[in-house]
Every structure is written in C-alpha cells, then in structure tokens.
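Colleague: Pasting a structure below so you can have a look.
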Amino acid sequence: MRDIRPKSRIMALGSAGVLVTATLIAGAVAAPAASADSRQGQDREARGAAIAAARAAEAGIDWQDCPADWGLAKPIQCGWVSVPLDYADPYGKQIKLAVDRIGNTGTPQERQGALVYNPGGPGGSGLRFPARVTSKNPVWANVAKAYDFVGFDPRGVGHSAPISCMDPQEYVKAPKMDPVPDSEADKLAQRKLAREYADGCLDRTGRAMLQQMTTPNTARDLDVIRAALGEKKINYLGVSYGTYLGAVYGTLFPGHVRRMVVDSVVNPDRDNIWYEANLNQDIAFEGRWKDWEDWVAKNDAAFHLGTTRDAVQAKWLQLRATAKKNPIGGAVGPAELLAFFQSAPYYDSSWVPVATVFSKYVAGDTQALVDAAAPDMSDIAGNISSENGNAVYTAVECTDAKWPTSWRKWDRDNTRLNAQYPFLTWSNAWMNLPCATWPVKQQTPVNVRTGKGLPPVLIVQSTRDAATPYEGAVELHQRFQGSRLITEKDAGSHGVTGLVNPCINDRVDTYLLTGRVDRTDVTCGPHATPKP
C-alpha cells in the first residue's frame, strides 16, 4: 500500500508509521456471509454504477490545459468526471473527480486505448502518471506508444472532493509521542488520540461522505471514468493498494477489463482486509529492515556504520535513544526518525540516501538528519497535503471492513508482535487504531474472485516486499483464474514495474502491447542492488 510518503509521517496519534497501508497478522474479525439486505444494497449500487457510467459516456470529458497550480505542464490535459456520492442513489449528490491524460506517442494506428493508473494508498494521487511520458521514462517508452496515460485523484483525494480529519497545520505541528510505549499511561494517551482522530474525521468530513469512502465505491468511480473516456474496456495498472482496487474492480466489472497489471499485491482475502494485513506487514518490515542493515554493513567502507548487522542495529538503537531523551535539533524524536528511516525497507531507492544521512549524523553532522527527518512545515496545502492523504488512508481502511473494537485484542496482538518485530509494530498499531472507534458503519469486504469475461491478469511481486508481503500475490493469483505471476526473487523493493529489470519489463511490455502472457508463471532474478 501506501507508497506515496510525505517528508514526515506526522499523525496526530504521534505514530511514526508513515504511509503504511497495512497488512497484518493475529485474529481479525471474520467477514460474515452476505445477508439478503446487503445483497439488495449491492444490486442497487450495481444499477447505480451502470446509470452513472451511461451518463458519463454521454458527457465525456472536457479536456483543457491543467490548472497552473497543479504542476502538470502541457501536453498533459486535465478534466473532471462526475460520480454519485452514493451509488445506491445515482441521481442524488454528485462529486467531481480530477483526471488527466497524455496521448499515446505512437501513430493513431498504434493506439490501443487508455491505460489508467492508481499508485496506492489509499490516499495516493495518480495525476503524476502522464509525466512518465513527458519525462521520457525509458521503462514505459514502448507502452506509451500504444496508450494514452491516464491518472486520477480517487474520491476524497487531492482535487477530488478532498476530505480531512484534522487541521493540516496542526497535523504537521502536532507533538508526536514515541510510538513504542513505556507504560500503560502511554498506551492510554495513544488510545485517546486515536479516538479524537476518528471523531475529527466525522466532524471535518461529514457522515454522508465518510460513509462512502470505500474501495468498492472507488472501483465504481473507476468504471465511470472508463465510460467517460469512451472506452468499452479498461486497461489498468495498479501498485500497492492499487492492486486491491484492481482486484475489486475485476470482481465487480470483469467484463470491462481489457488488460490489467497489478504490482506489489495486497492479499485480497476478506479475513485479511485490513486488520490482519497490518499485522503481517509488521513482520515483513522487520525482515526488509534487516536486509538494509546487511547491505549497510557490507558497504561499511562508504558509511562507517559497522561491518555487521548487529553493529548497524546498535547504532540505530543508540540514535533512537538519543532522540527520545532530547529531540535532535529540537525537532526529530523517535517518531520522526522512524518516519524517515522507514523508507529504506520500503524502497531500494532510499537505501543510499537514508544510509548517507545516518552516516553523516554518526560523523557529527546533525543538521543533515534534521533536514531529512524534521516535519515539513510547508506541507499545509489542503488539497495535496499529507494530512489529506492520511485522512483518506484512514477513512477507506476503516470503512472498508470491520475492525476489532476490543483494546485488549489490539494490545495482546501488538505486544506479542513487538517482542520479535519491533521496527514497525507499535507505530502501525497507532496509525490504524482510529478504526477501533470508527464513527460510521463498517462494510463487509468484496469477495474477490474470477467473473465472466475477466482476461488473464498479470501479477508482479518481489519476494521480500515489506509493505505487501509475497503471500498476497499468491492469493490473488489463485483467485483470478488464468492470471500469471511474475516473481522477482531475492528482491524487496515496493513497486517492481517501474524498476529496470529486463526480465520483468519485457514481459509487462509484451502483455500490455499484445495481451500475451507466458505459458507458466515466471521467476526473475532481482534488479540491480543499489550502490553507494
């Protein structure tokens, strides 16, 4: 999931666990069988989605130059698509979704339609996707010849009826507790902050909007966008949480999928969404954190942080203890440290930058760490702030599924995990705890499965991904008949398709350009390891 990360993860809960969409472990609340009332509601929403799509197909999109303050230069164009707030009431209140596009770079004869993208979250904006063409990203050059690249802000995100759970300035400035509790009093304080944050979501967003912040509704929005684009079937690329959105879309609209690539996969099992998902994520992050420490130790000549994993870990714990006693530079405590260092197990592209800052600090350069990890006080723009991203993350995950309401369960599960996997566990717990006291009705997750008309789906996954553990790709592969799984072995960067690995890049190109997949699943070697 959430793979678009602000400079600092400043949640009011004081949790440092930056954008981690969650994938967990102990006993989640099992999803009940659908009742007659819920099936009737789904039928109404299906009819509402069809009505909204027909309306959008007729209206189309009035493409214009993008607003100057969106940072999307020509030839990227922007527009709006109207969707129902509540698909059970398609003629009721409408909201506008921001979309953008860039045309295919090849000839009209080479064009195969629109490729729509979601980067993850929940809460990530896809509007930067067309810039992969203007920046001449070589990984996507072949696909860009055939497809218009289309991005959008999902409901509640950025320019699409943005939601909020607290004042953006307060979100950035709020003092952050150490995510690892020292006492029952610390836990009680975090519980209070979590409840206040949940209440703030209701107060600032409103019940009508908050109740409709779900993955199935975003999937319905995606189908309305498809219709507005004039496409009978969608080509879709989803990363992280975007894979779950794709899985739900493929379940609800199997006949509307032309080609679908999902990269770094959320386990779609209903029992996993979302409490279990976050616990499983804690385990995976610990493993990838150790991978990074091993790499740092191997490159001690560059970083001087120790020649063994244990030596590097000792310096990390020393740094954490120092920041807890007195925030470094008056601004970087344990929560801010974790927000910054968490990017290393998330993305290989962060390995060198994080190790470099760490090395400079140990050598006496405190300012480098403050510059990298201190809260970004400029991050207060309501439409594009980390506050908005965190609000959407919380709203979607909390509304998507039923969460345990017993603090005893949360405490037991996270205390047990923290004993073996301390890097992320408590931070992740506080980030998600608002779901325990969520103020609107929580839904039953969609039962992801193959439906009539669903084509082969291409699944791409690294074996040591921290944010979306490998088991999620296997689960989706089993549920989507005819799908193909490309495994990047001995790698763990979150988001694989954007990296240079010809074994993967060539197969993604072939699939999107021809629809062909390998006769069997494929295992690829890892992409190049970062070098200092």
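Each reported figure results from applying straightforward, stated rules to the coordinates on display, with no laboratory input. All figures in this text were calculated on a predicted structure; none of them were measured in a lab. Note that each Cβ is placed from the backbone with ideal geometry, even for glycine, and that neighbours are counted across all protein chains shown.
Colleague: Using the per-residue mean of other Cβ atoms lying within 10 Å as a proxy for protection, in what order, highest first, do the peptides 303-316, 229-242, 423-436 fall?
Modeller: 423-436, 229-242, 303-316
Colleague: Where in the stretch 91-178 are there trypsin sites (Lys or Arg not before Pro) that are in a DSSP coil and have at most 14 other Cβ atoms within 10 angstrom of their Cβ?
Modeller: Sites meeting the loop and neighbour criteria: 93, 136.
Colleague: I would also like to ask the following. Work from the charge dipole of the stretch 83-218 (Cβ charges, +1 for Lys and Arg, -1 for Asp and Glu, about the Cα centre) and give the residue of 102, 169, 151 farthest towards its positive end.
Modeller: Comparing the listed Cα positions along the dipole, 102 ranks first.
Colleague: Related question: With label points built 7 Å along Cα→Cβ from the Cα atoms of residue 73 and residue 367, find their separation and express it in nm.
Modeller: So the label points at residue 73 and residue 367 sit 3.1 nm apart.
Colleague: Positive end of the charge dipole of the chain (Lys, Arg +1 and Asp, Glu -1 on Cβ, about the Cα centre): tell me which of 57, 347, 261 has its Cα farthest that way.
Modeller: Positive-end residue among those listed: 57.
Colleague: Shifting gears a bit: Under the Karplus relation 6.51 cos²θ - 1.76 cosθ + 1.60, θ = phi - 60°, what is the ordered set of whole-Hz ³J(HN,Hα) values for the stretch 330-343, x standing for Gly and Pro?
Modeller: Values per residue, Gly and Pro as x: x, 9, 10, x, x, 5, 5, 4, 5, 4, 7, 5, 4, 5 Hz.
Colleague: Let me ask something else. Using the alpha-carbon atoms, what tilt in degrees (0 to 90, nearest 10) does helix 275-298 show relative to the longest principal axis of the chain?
Modeller: Long axis of 275-298 versus the principal axis of the chain: about 60 degrees.
Colleague: Taking the number of other C-beta atoms within 10 Å as the exposure measure, put 225, 486 in order starting with the fewest.
Modeller: Ranking 225, 486 by Cβ neighbours within 10 Å, fewest first, gives 225, 486.
Colleague: Same structure, new question: Taking 23 Å as the cut-off for C-alpha to C-alpha distance, list the pairs among 74/145; 315/531; 192/290; 74/136 that go past it.
Modeller: Listed pairs above 23 Å: 192/290.
Colleague: Follow-up question, since we're still on this one. At a Förster distance of 30 Å, what's the computed FRET efficiency of residue 195 paired with residue 377, Cβ-Cβ distance as r, to 0.05?
Modeller: Step by step, r from the Cβ atoms, then E = 0.65.
Colleague: Just going by the charge dipole of the stretch 434-532, with Lys and Arg at +1 and Asp and Glu at -1 on Cβ, which of 514, 503, 453 is farthest out on the positive end?
Modeller: 453
Colleague: A follow-up question, please. Explain nothing, just the number: dipole magnitude of the stretch 112-251 about its Cα centre with +1 on each Lys and Arg Cβ and -1 on each Asp and Glu Cβ, in debye rounded to the nearest 20.
Modeller: That gives a dipole near 540 debye.
Colleague: Another one. Could you please state, rounded to a whole Å, how far the C-alpha centre of the stretch 325-366 is from the C-alpha centre of the stretch 427-483?
Modeller: Measuring centre to centre over Cα atoms gives 30 Å.
Colleague: While we're here: Using only Cα atoms, locate the centre of the stretch 405-420 and the centre of the stretch 203-270, then give the distance between them in Å, rounded to an integer.
Modeller: Here the two parts' Cα centres lie 32 Å apart.
Colleague: Is any residue of the stretch 512-532 close enough, with backbone N under 20 Å, to a label point placed 7 angstrom from the Cα of residue 489 along the Cα-Cβ axis, and if so, which?
Modeller: Hits in the stretch 512-532 for residue 489 at 20 Å: 518-530.
Colleague: What distance in nm lies between label points placed 7 Å from Cα along the C-beta direction at residue 64 and residue 167?
Modeller: With each label point 7 Å from Cα toward Cβ, the separation is 3.3 nm.
Colleague: Related question: Estimate the FRET efficiency between residue 183 and residue 529 by the formula 1/(1 + (r/R0)^6), using the beta-carbon distance for r and 41 Å for R0, to the nearest 0.05.
Modeller: 0.50
Colleague: So what is the relative contact order for the chain, in percent, with contacts set as C-alpha pairs under 8 Å and at least six apart?
Modeller: After rounding, I find 23 percent.
Colleague: If you don't mind, there's one more thing I want to ask. What residues from the stretch 86-130 fall in the zone where the backbone N is under 12 Å from a label point 7 Å along the Cα-to-C-beta line of residue 137?
Modeller: 117-120, 126-130
Colleague: Roughly what angle does helix 36-59 make with the longest principal axis of the chain, taking Cα atoms, 0 to 90 degrees, to the nearest 10?
Modeller: 70 degrees
Colleague: Now for a different question. Report the local net charge at residue 164: Lys and Arg +1, Asp and Glu -1, summed over other residues whose C-beta lies under 12 Å from its C-beta.
Modeller: Combined, the nearby Lys, Arg, Asp and Glu give -3.
Colleague: Only Lys, Arg, Asp and Glu count, each charged at its Cβ (+1, +1, -1, -1), so figure out the dipole size of the stretch 107-175 about its Cα centre, rounded to 20 debye.
Modeller: Its charge dipole is roughly 260 debye.
Colleague: So how much slack lies between residue 471 and residue 412, counting 0.36 nm per residue of separation and subtracting their Cα-Cα distance, in nm?
Modeller: Length gained, residue 471 through residue 412: 18.8 nm.
Colleague: Let's test the formula: R0 of 51 Å, r as the Cβ-Cβ distance of residue 54 and residue 519. What FRET efficiency results, to the nearest 0.05?
Modeller: The computed FRET efficiency comes out at 0.85.
Colleague: Still on this structure, I have one more. For the Cα atoms of the chain, what angle does the longest principal axis make with the long axis of helix 184-205, in degrees from 0 to 90, nearest 10?
Modeller: 30 degrees
Colleague: Continuing with the same structure: Using the Cα centre as the reference, give the magnitude of the dipole from point charges on the C-beta atoms of the chain (Lys, Arg: +1; Asp, Glu: -1; all else neutral), rounded to the nearest 20 debye.
Modeller: Charge dipole, the chain, about its Cα centre: 720 debye, nearest 20.
Colleague: Could you put 359, 125 in order, starting from the residue whose Cβ has the fewest other Cβ atoms within 10 Å?
Modeller: 359, 125
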